[in-house]
Each structure stands twice: as structure tokens, then as C-alpha cells.
Amino acid sequence: MMPSLNLIIRTDANVAIGTGHVMRCLALAQACQDEGGHAVFVMADSTPAVEERLRSEGFEIVRLEASPGSPADCNRTVQIAGNNATDWVVIDGYHFGAEYQRIIKAARLKVLAIDDNGHAEHYCADIVLNQNLHASELLYLNHEPHTRLLLGTRYAMLRREFKSWRAWKREISPIAHKVLVTLGGSDPGNVTQVVVDALCKLERDDVIATVVAGGSTPRLNVLQAAIAQAGMDIRFVVNATKMAELLAATDLAVSGAGSTCWEMCFMGVPAIILDVADNQQELARRLNEVGAAIHLPRSEITATKLAGEIASLIQSREARQDISQKARELVDGKGGDRVLAALTVGIRLRRTQPSDCRFLWEWANDPEVRSMSFSAEPIPWGRHVEWFTSKLSDPSAILYVATDETERPVG
């Protein structure tokens with residue numbers, strides 16, 4: 001249980017920068033909404049498809065008539081935050097630098113900066129979040145003493161639709177028959193067409209493909225016509241709202257190296273990832289290094305080369321199993337909850353769970369606790385386990401554990 005929050009989320013989307021910034025902010029907004037909170041998206045750049053998605057989720061959008069990252073942008077954002085009794089201003093975009101953060105902080109507002117590569121010269125945000133494998137304190141040597149860093153895939157934020165899949169286990173088939181293609185929300189370079197050409201080169205009747213395109217993708221009609229003429233079984237999906245189901249249904253994926261990577265990792269999807277933008281190169285390289293994906297560098301993205309990589313992965317159950325396992329270890333699907341908890345000041349309660357047994361026993365046997373109990377004798381482990389097990393199974397007994405914002409039990 002957490003106190004509800006009011007968030008102002010300042011982010012943008014367009015064909016050039018894609019929709020990744022908005023999609024991960026949507027995950028945070030949904031987590032806030034699920035706890036009874038409220039989020040408003042403030043955007044200088046957007047697309048009709050993105051705005052339709054946000055409004056369908058019940059979120060208000062305020063459009064800015066200002067150059068992204070400019071003083072006018074920042075001042076207007078501060079004004080909107082003041083009008084909405086805002087608890088936190090969330091900023092996500094490479095144009096929100098040191099001065100932007102400084103102006104918001106000067107207005108006595110709390111700031112969460114979602115970052116990827118330490119692009120700002122200085123950070124005065126209250127919290128900096130970098131959910132990437134390469135996230136490191138070395139990227140943020142220049143920050144204020146009060147700035148807290150949330151680093152690594154532990155904080156990878158997934159949208160609400162993935163929550164119900166936390167306990168799901170992927171089965172790896174001997175031969176991969178289903179391939180998912182997803183190159184991001186805009187794909188301005190039309191790399192999707194190259195992937196479709198690669199699939200056609202396989203010349204396999206037993207391969208079924210699903211191509212997912214964002215509504216912000218230019219020349220959608222041209223891509224759709226090319227897929228219709230491809231000569232193989234290809235399903236075309238625009239603006240997918242059930243991405244978790246698509247990822248669960250596929251045997252392997254060919255994807256851009258954006259925020260979809262964390263969704264694929266969570267779902268254990270064996271994937272070939274392509275860095276179709278400069279800011280995707282580091283993530284793609286790191287996922288390849290840890291064996292959680294196969295990275296095909298931009299210089300090697302040809303239909304022929306890609307067809308060879310896909311064909312190899314289709315045939316190798318062992319390779320797909322290995323990638324799936326290593327990918328799944330990176331993301332547990334609770335990143336949004338952890339970030340939201342970090343925004344919430346104070347203690348929160350959760351139901352007691354089986355893994356709490358030992359530390360509760362250790363607390364109960366603390367000398368100071370024993371000195372204030374009816375009996376000062378230590379509690380034997382066996383007796384504690386018997387008591388704890390009975391309480392968990394007793395419908396009339398409700399036990400809670402108090403945790404801090406890092407999920408550390410405190411009482």
C-alpha cells in the first residue's frame with residue numbers, strides 16, 4: 001500500500017525520436033494510477049497515435065507551444081505543475097539538461113529524471129533513473145548531494161499488461177515456427193522492410209511471421225502493401241495494445257534495441273536485436289555481451305545477413321533456450337513498482353510472505369526484544385516455523401511487514 005501521487009510527466013514523441021520515452025513513462029503512469037494516483041502528460045512533440053494511446057488509458061495531455069527543452073518549455077511546465085498540486089515532475093528526454101532541471105528545482109518541485117547515457121552536464125534532480133545494463137555511477141559523477149540514483153534493470157519499467165505474466169514460463173520448441181518483428185514506434189528508416197525481405201529469403205513454408213508497426217511509422221501503407229506481396233504468411237499489426245500476448249505467442253523476435261528489449265527479456269523471448277538509432281548501440285552491445293540477445297550491428301543489417309542469423313536461431317533450440325534464460329534473469333517485471341516506491345516518502349505495508357520467516361525469527365530473538373517479552377528465553381527455530389506457518393494459513397490472521405522505499409523490511 002502506497003500513498004497516491006500526482007505526477008506531471010514531461011516527455012515527447014515524434015518520428016525522429018520514436019515513442020520509447022513515452023512508453024516507459026506510460027508504465028510509470030499506470031503504476032501511479034493503480035495506486036489511486038494521477039498523471040498528466042505534458043508534451044511539446046507528439047503524434048496522433050501516441051495521444052490516442054494515452055487518452056485511451058485515461059491520461060490527460062497538455063500540449064506545449066514551445067521548443068522542447070527551452071526556457072519557455074521549462075517555465076510552462078513549472079506553471080502546469082503548480083496548477084495541478086504536483087508531487088513530482090518526471091522528465092524523460094535528451095533535451096532536458098542541467099539548466100532545465102535547475103529551473104524546476106528552483107520552483108521547489110521534486111524531479112525524477114529518466115536517463116540513458118548521462119547526457120546532462122550536471123544533475124540536480126532528486127532522483128535519476130537509468131534502467132539500462134550499462135547504468136553506472138560513473139555516468140553521474142556531477143550531481144547534487146541530495147540526488148539519488150536508481151540504476152540497472154531492477155528498475156526497468158513495464159506497462160500494466162505485463163503484470164499478469166510474472167509467473168508464466170516459456171516453453172522452447174525444437175524448431176522455431178513463429179517470428180515476431182517489431183522495430184519500434186516509428187521506424188523512420190523502414191528497417192522493417194529489410195527484415196521482411198530477410199524472412200522471404202528463408203523460403204520456409206513452416207515459418208509464420210507477425211510484423212508489429214507503431215502508428216507513428218511513416219509510409220505505413222507502403223509497408224503494408226509490401227507485406228501483402230511478400231509471398232509468405234505474415235500478419236500485420238498496427239498500434240499493438242496486447243504486446244505481452246504477442247511476445248508470449250512467438251518463438252523468436254527481430255527487434256529494435258529500444259525499450260521493447262526489456263519487455264522481451266521479461267517474457268524470455270530469444271531475440272535478434274538491431275540498433276536502428278545511435279542511442280540503441282550501447283544497450284544492444286551489452287545485451288549481446290551477457291547472452292540475453294543476438295546483436296546485429298547497423299553496418300551488417302542486410303536481408304542476406306539477417307536471413308542467416310534468423311535461420312540459425314530457428315534451428316537451434318539450445319541457443320534459444322540459453323538466450324531466453326539469460327534474458328529472463330535481467331527483468332522481473334517489478335521495476336515500475338520500485339520506482340513508484342522511491343517517489344513515495346515514508347513507510348509502506350505489504351502482506352507477510354513465506355520468505356519473511358527467517359528475518360522475523362531473527363527480530364523476535366533480538367536481545368532487546370526478548371528483554372521486553374513475557375519470556376526472555378530465545379525462541380527455537382522449529383517453534384517459530386510452526387507458529388509462522390500456522391499464521392500464514394489462518395484466514396483470521398493478517399500479518400503485515402513494513403518496508404522502506406527500497407523494499408527493505410523495517411518492522
Problem - Net length gained if the chain between E60 and A364 were fully extended (0.36 nm per residue, minus Cα distance) - result: 104.6 nm
Handout entry: Whole-Hz ³J(HN,Hα) from phi, Karplus 6.51 cos²θ - 1.76 cosθ + 1.60, for region 268-276, glycine and proline x
Key = x, 7, x, 9, 9, 10, 10, 7, 8
Exercise for the section: Enumerate the amide H contacts of N239 below 5 Å, restricted to partners 5 or more residues apart or on another chain; note that Pro and chain-start residues carry no placed amide H. Expected result: A213, G214, G215
Exercise for the section: State the extension gain, in nm to one decimal, for the chain segment bounded by D34 and K163, taking 0.36 nm per residue of separation less the distance between their alpha-carbons. Expected result: 45.3 nm
Practice task
Hey, can you grab everything whose amide H is under 5 Å from the amide H of I9? Only 5+ residues off in sequence or another chain; H modelled, so Pro and N-termini drop out.
Solution key: V40, F41, V42, V90
Problem - Dipole magnitude of the chain about its Cα centre (Cβ charges: Lys, Arg +1; Asp, Glu -1), debye to nearest 20 - result: 480
Fill in the blank from the handout: Cβ density ranking, 10 Å radius, fewest first, applied to C32, C124 yields C124, C32
Exercise for the section: Quick one: grab Rg to one decimal and Dmax as a whole number for region 348-403, Cα atoms only, in Å. Expected result: 11.9, 31
Exercise for the section: Across the chain, how many lysine pairs, 8 or more positions apart or on different chains, have C-alpha atoms separated by under 28 Å? Please give the number. Expected result: 22
Fill in the blank from the handout: What one gets for the chain as the Kirkwood radius, inverse of mean 1/r over different Cα pairs in Å, is 23.2
Problem - Fewest-first ranking of W361, W262, using other Cβ atoms within 10 Å as the exposure measure - result: W361, W262
Practice task
Just rank Y94, Y100, Y140, Y400, fewest to most, by other beta-carbon atoms within 10 angstrom.
Solution key: Y400, Y94, Y140, Y100
Handout entry: Residues with amide H under 5 Å from that of G256, placed H, sequence gap 5 or more
Key = T182, L183, G184, L274
Problem - Calculated on alpha-carbon atoms, Rg and Dmax of region 112-270 in Å - result: 18.8, 60
Practice task
Calculate, in nm to one decimal, what R350 and T302 gain on full extension: separation in residues at 0.36 nm each, minus their alpha carbon distance.
Solution key: 12.2 nm
Fill in the blank from the handout: Placing +1 on each Lys and Arg Cβ and -1 on each Asp and Glu Cβ in the chain, then taking the dipole about the Cα centre, the residue among N288, A72, H119 whose Cα reaches farthest towards the positive end is N288
Problem - HN-Hα J in Hz across region 16-31 - Karplus 6.51, -1.76, 1.60, θ = phi - 60°, x for Gly and Pro - result: 6, 8, x, 10, x, 4, 5, 5, 6, 5, 4, 4, 5, 4, 5, 4
Completion exercise
Whole-Hz Karplus couplings 3J(HN,Hα) for region 164-172, θ = phi - 60° and coefficients 6.51, -1.76, 1.60, Gly and Pro as x, run 6, 9, 4, 8, 6, 10, 7, 9, 9
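Any read-out appearing in this document is the output of simple, stated calculations on the displayed coordinates, not a laboratory observation. Values in this document were obtained by computation on a predicted structure and should not be read as measured data. A quick note on method: Cβ atoms are made from the backbone with ideal geometry, for glycine too, and the neighbour counts reach across all protein chains shown.
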